[in-house]
Structures are given as C-alpha cells and as structure tokens.
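All of the numbers you see were taken from the coordinates with simple rules; none came from a lab. Keep in mind the model is a prediction, meaning the values are calculated, not measured. As a convention, Cβ positions derive from the backbone with ideal geometry for all residues, glycine included, and neighbour counts pool all protein chains shown.
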C-alpha cells in the first residue's frame, strides 16, 4: 500500500513543491485533483495490486531468509553457514563504494546484450524460414537438437579455441544460451499459425513475401517474444560459465572469484545481482513486446 | 509345490534368525566419512588417491572398543582445486580435505565463522622448502624468457591458489607495482586452453601444471617458485567435530598417509605408472615431483617453517583485503600425527627436524661411476626397460644419445638445475657447455645458463645441440 501511495504521489505531483496533492496551494479545486487521483487509481488498479503483492512477497522472502539464517535452522536443509541478508547487504555497501563492481555489472550487461541481440537476429529469421520450408527444417533441426542440451560450462574450452578474443568467446556462450529457446519458440509459433489464414491470403492473391510479412510474422510474434524472454533468462544462466573465461570482469566472474576465495556473502550478492538484472532485462523485453504487438495480451 | 514352499519359508526363517542374532550381537552403525581429494594435484596423491586405491585407510581403522559396532564408509570426492573442498567441508559433506597452502588458510579462516565446527591442520602431504612446484609458463613459441619480459602483459593465475601467492611474492621481492602484469584469474582448465591458444601471455599455476603443460609440448616454464624462496606445501585438514568424536580414525588416516608415502618411495616407477592410471597425469610428470630427488618431499610432519609460510600467506591475503584476523598457530593440531608416529614406533621429533628427501642413487652403468652428488645426477627413462640413474648431466646426455642410437624409445630424461637444485625435464633445459666440452651444466632459465657460461667461458646450447656435444665429448 505504501509503495502504491508513493507511486501515486510521484505521478500526480512531479515537482517537489507540491509534495502532497491534497494540500496543494494552487487555486485548482481539490475536488478535481482527488478525482484525478481516484481515476488514475481505478485505471491502474490491477497493476498496483500486482505491484503491492509482489512487494509483499519479496518482503516475506527476505524475512524468511533472515529468520532461517538468524536461527541457523537445520531441518534436513541446513542454513548454518548460509550468509544472512545483513551480511549480503554489508557486502553490497562495501562493493558499492568502488566503481569496480559497477563496471562488473556494466560489462556483463553489455555481453548479454550483444550475445542476445545476435541470437535474436539469427534465430528469429532462421526459425521463420525453418518453419516455412521443410527442407531447411530437416537440415537444421537435427544439428540444433544435438547442440541444444550441451550446458554452457561444457562450451568453455571449445569457445576459447574457436574465437580469437576472450570477449568474443564470452559473447558466444551467452549467444548459445539464448539462441535455442528463441529458435524453438519461433518454430513453434509458425506451426501454430492457422492454415485458414494462409489459404485466405493466397486466395486474395498474396505472394510468398507478403504472406510472410503480413500473415506469418504477426501471427508468430507472441511466440517469438516468449522465446526472447526465455532466451534472455538462459543467457544470464550461462553467464558464470562464460565469464570464467575472462578471469577479470563481469558479475559472473565476481561470483566465481568469490567462490574461489570461499566468500559466501559475495557469492550470494553475485547471485542476487544476476537475478535482479535478469528480471530487469526480461521486463524490458516484455515491455518491448507490448509496444510491438499492442493487440496481444502478454 | 507346497512342500517346496514350506522348505523355502523355513530357510528364510532360519536366515532371518541368523541375521537377527548377528545383528543383535553387532548392531552396526554406519558412519559415512567424506574425503575431498585433488587427484590431479600430484602432490596430494599420497593423502588421497593412493590411500583410496590401496585401501590403506581400511587397514589402519580401529576395530575394537567403541569402534566394534561402527562401520565406516568412505566417500572420496575429487576436485581440481581447494575451494570446492572447503565448501564441501563447510557443508559437512566432507570431513577430511586436502589442498595447497593458500586454500588451506582460507579453509581455516572460513571455518572460524562456522558455529558447528572448526577445521584443523592435521598433517602435511608434501612440500618444497623453496617453493618449487608452483611455476609460470609461457607459450613455447613466445619471446618471453624471464619474468620481466612479461611486463604489461596478460598473465593469468587461479586467484586464491598457491600459485597466486607465488606471483604476488615474486612481484613483491622485485619491488614491482601491483599492475606490473595484467593479472587475471583463470582456473587451470581455462588458463591452459587460453595459453595453448595464445590468448594470454603467461599462466602461473600450481602442481602439476607448470611441469605438465611443458611436458604436453606447448609451453615453456620461465619462472619456478623456487625463486621466491618461500616454502610451498599441501596439507590435510579435518573438521573438529568429527576429529573429536573419532580421534582414532584421524590417527588411522595419518598412518595410511605414512604407508602411502612408503609405498611410493619403495618403487617410484611403478607408483608413477599407477598414478597415471588412477589420475590421468602423465607418469613422467608424477615422477618429477614425487620420484627420487623430486621437487616435492612427502612428509606428514608439520614443520615450523611451513607454518611460518602459512602465516606469510595470511598476511598476503590480508593485504588484498581477502581475510581478517586468523591465527595460524592455533589452527595447527599435531596431536594426531604425533600419535600416529608413536603408534607406528617412528620418531616424530627426528622426522620433524629432517628436511631430507630421498635421492637418486645407485651405479651409473653408462659412465661406470657411483652416484655421489644426487643433485648433479640425471635419469633416463627408457620405455618399458626402466629408469637408469646417471652420475652427471654429461653422462645423462651421452647415455640419452647412445640409447637413442641403439633404437631404444626414451620416454623422458631428467637433469638437475645447476643453480637451484630442482629437477628438470632434460629436453626443456638450457645447457652451459664449457669451451673444452668437458663440463655440461643444465639450467631451467636461459639467463642463468648465459650467466654461468659467461663466467666460466663457455656457451649456451639447447638440448639437441648439447646432445651432440655430449656424444662427441664422451
């Protein structure tokens, strides 16, 4: 509720002079202002609800974590040596003081972005073509099915040998992580296109190119975006394996280095950081999805 | 049919009765003991792989008193570095662990915050008094021949490892700033591949990589830990909650460790071959570490100079901001190793004071001389035939050539560095040859060989050229 109220304040009164909209000194009738607020509230009720429940659930998670580690709970699952949220917060304040941590985060984001962007630009068209032309599918599918289950960490030595620079090796691994979910979802999307639509378009004299552009592509887009969201998640999953190569920078490397010096609080910090960044990037993709396909409910 | 059934039932009942009575007599409790080993880190094999494969621990386990009804089951978990062992020990999945000096102090320090148990150092697996074992290698085609050639270059080392400590100490000794190299952290697996692909300029690593990578043919060692003059060692740590509950098992473990050391020294060639079979590390590489005059001395006693070295390690880690207060002396617990020595009727104090390794000995059949100076000697490993001791580097090279001329397949030859006393692969060494061709002195570093040659009026030759000289001279 608290966060909802704060959000409301910000939206209604962006200038600090009018902190409280209810006691606004302007001659604008208070009636109108509160009406505005109520209308906004009513409009965004479901989002606010999601936000509030989300905040509560996160707070509960933190509380449970705090209690489990504070009382060092041992009920088959053992929290004896698991770092507490306070310890992780201490780590955060320590690393936040120098720019190094920020550069770790920045570099990881850049690697993910590049790897993901390449994966998307390759996998989506490839998926569309594979879905449309059986021969291409028959050629590409077996190879992709063999490569798909190989975990990112197994790719580390190959990737080092394949690419001339470390940065490319790392991007390659994040690329591999996101490539397959995007490809498969695109393929699935094509398979789900209603053949009636295709026939209708053909009856109306549409050529292959325009069928592709006007029927297949929009019909497949929701699946493509599901693939992109999943692919983004997997890209972050591959990050630690990928950044083992760099030996210097990146949030995955930060976590790895903390492990090699057995610093549990830093490990947890790295994990949470990856989680939050993953959440943010998935949200970005969903947002993009909403812009690109206003008709779809995502 | 029914008679058959009746008979079967009777048999089952009888079996159950017998089983029940034995169960009543010895209600056995099973205790699972997790042991974290590093099979590929050759200097821990006597504390891990050998004990496991020869079932030495089972041999020394106590069987009477409170142990009559206890059955121990051992779970051997293999890792490629120390930190995962510490992690497993913290989680109480492992009770014993073995690792190098830096990971050991990190282990002790990490356990300080564990409310259930601490960790204690109970024995040493192997050590090198002057720091050999860790080393820095470069690609064999690279133009780097000594540490200063790598200024500003990309050098990787597994952070938090003994090799990391070596690099930091070497930089400190030379008064170099922390950014003298571009130092990055890479695990042995990643660093080795990167070096092979020339993505990095140098890679510093712990046992056995500084020997293994040159042996595999793509790397050249340009710095040996011996130059830091700081001991390097691997040791065994145990959880105190386990050790206090079953002290006799800890003692039995150390007895098994002593037996493993003896087994290796009794027949180093066979032992090296077995270890190659068990761990995948080439026997020639195992032998350079653990064979006679090898670069590692296996000795379970906890020597004061090793503890001093650990205290140094703590300081280095504190300077890096990786560690807070940690008292090394309180972490050492030599009661178990002393007890094991006493029970085996061995003299702990004498062993503690001794830093002797076993050496190359025997009769040089090629030059027909006994071996009197083991650190000027050499060895030639003839495939299938065995390892021939030779009395000098010149004899070693001459024997090498002559054996080769006879069509024998030679696995490897060893010589000793004339300045630092460490064992070298003969084909990787530089040779200072006196102008009259009588004396040949092998060196790890080109620079050492050049200095020696300049001083004594000679020239520096590669292995192949030195072979020709040795043959014509001999």
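Based on C-alpha coordinates, I'd like the Rg and Dmax of segment B:363-473, in Å.
My reading of the Cα-based Rg and Dmax gives 12.9, 41 Å.
Mind jotting down the distance between the C-alpha centroids of segment B:397-429 and segment A:224-296, whole Å?
52 Å
For segment B:332-373 and segment B:109-136, write down the distance between their C-alpha centroids in whole Å.
Using only Cα atoms, the two centres lie 22 Å from each other.
Which value, to two decimals, describes the C-alpha radius of gyration of chain A once divided by 2.2 N^0.38 Å?
1.27
Let me know the shape class of segment B:44-93, please: from the alpha-carbon gyration tensor, a ≥ b ≥ c as square roots of the eigenvalues, rounded when a/c is under 1.5, otherwise prolate if a/b is greater than b/c, or oblate. Write out the running numbers ahead of the final one.
Numbers: a/c = 3.36, a/b = 1.55, b/c = 2.16.
Note, shape of segment B:44-93 comes out oblate.
Using the per-residue mean of other Cβ atoms lying within 10 Å as a proxy for protection, in what order, highest first, do the peptides A:157-166, B:63-72, B:420-429 fall? List each step's numbers first, then the result.
Values: A:157-166: 16.7, B:63-72: 11.9, B:420-429: 21.2.
Ranked by mean Cβ neighbours within 10 Å, highest first: B:420-429, A:157-166, B:63-72.
Please report, to two decimal places, log10 I(q)/I(0) for the protein assembly as shown at q = 0.05, 0.08, 0.10, 0.11 Å⁻¹ as given by the Debye formula with identical point scatterers on the Cα atoms and no solvent.
-0.38, -0.84, -1.11, -1.23
Once every DSSP H run of n ≥ 4 in chain B is given -39500 (n - 2.57) and the sum is divided by its residues, what mean residue ellipticity at 222 nm do you get, rounded to the nearest 500 deg cm²/dmol?
Details: 19 runs with 199 residues, N = 474.
Estimated from H runs of four or more residues: -12500 deg cm²/dmol.
Can you tell me which of A:256, A:38, A:155 moves the most in a GNM of chain A? Springs connect C-alpha atoms under 10 Å apart.
Among A:256, A:38, A:155, the largest mean-square fluctuation in the Gaussian network model of chain A belongs to A:38.
Tell me, what is the FRET efficiency for residue A:194 and residue A:134 to the nearest 0.05, using R0 = 25 angstrom and their Cβ-Cβ distance as r?
That gives a FRET efficiency of 0.85.
Compute log10 of I(q)/I(0) for segment B:144-217 with the Debye formula, placing one identical point scatterer on every Cα and leaving out solvent, at q = 0.13, 0.27 Å⁻¹, to two decimals.
For the requested q values the scattering log ratios are -0.34, -1.45.
Across segment B:229-316, what fraction of all alpha-carbon pairs, as a whole percent, falls in each successive 5 Å bin from zero upward?
Taking every Cα pair in segment B:229-316, the percentages come to 3, 12, 17, 18, 18, 17, 12, 4, 0.
Listing A:118, A:171 from the residue with the fewest other Cβ atoms within 10 Å to the one with the most, what is the order? Each step should come with its number before you reach the end.
Numbers: A:118 16, A:171 24.
Going from least to most buried by this count: A:118, A:171.
Helix-only estimate, please: 222 nm mean residue ellipticity of chain A, summing -39500 (n - 2.57) across DSSP H runs of length 4 or more and dividing by its residues, to the nearest 500. Intermediate results must be reported in sequence, preceding the final value.
Working: 14 runs with 227 residues, N = 298.
Mean residue ellipticity, 222 nm, calculated: -25500 deg cm²/dmol.
Which percent, nearest 5, of DSSP beta bridges in the protein assembly as shown are antiparallel?
70 percent
Taking 2.2 N^0.38 Å as the expected size of a compact globular protein, what ratio does the Cα radius of gyration of chain B give against it, to two decimals?
Computed over Cα atoms of chain B, the ratio equals 1.11.
Quick one: Kirkwood hydrodynamic radius for segment A:148-287, alpha-carbon pairs, angstrom, one decimal?
Hydrodynamic radius (Kirkwood, Cα only) of segment A:148-287 equals 17.2 Å.
Based on alpha-carbon centroids, what's the gap between segment B:70-108 and segment B:220-273 in Å, whole number please?
The two parts, judged by their Cα centres, are 14 Å apart.
Quick one: if the Förster radius is 56 Å, what FRET efficiency do residue B:273 and residue A:62 give, using the C-beta to C-beta distance and rounding to 0.05?
For residue B:273 and residue A:62, the calculated efficiency is 0.50.
How high is the FRET efficiency between residue B:229 and residue A:97 when r is their beta carbon distance and R₀ equals 35 Å, given to the nearest 0.05?
FRET efficiency, residue B:229 to residue A:97: 0.45.
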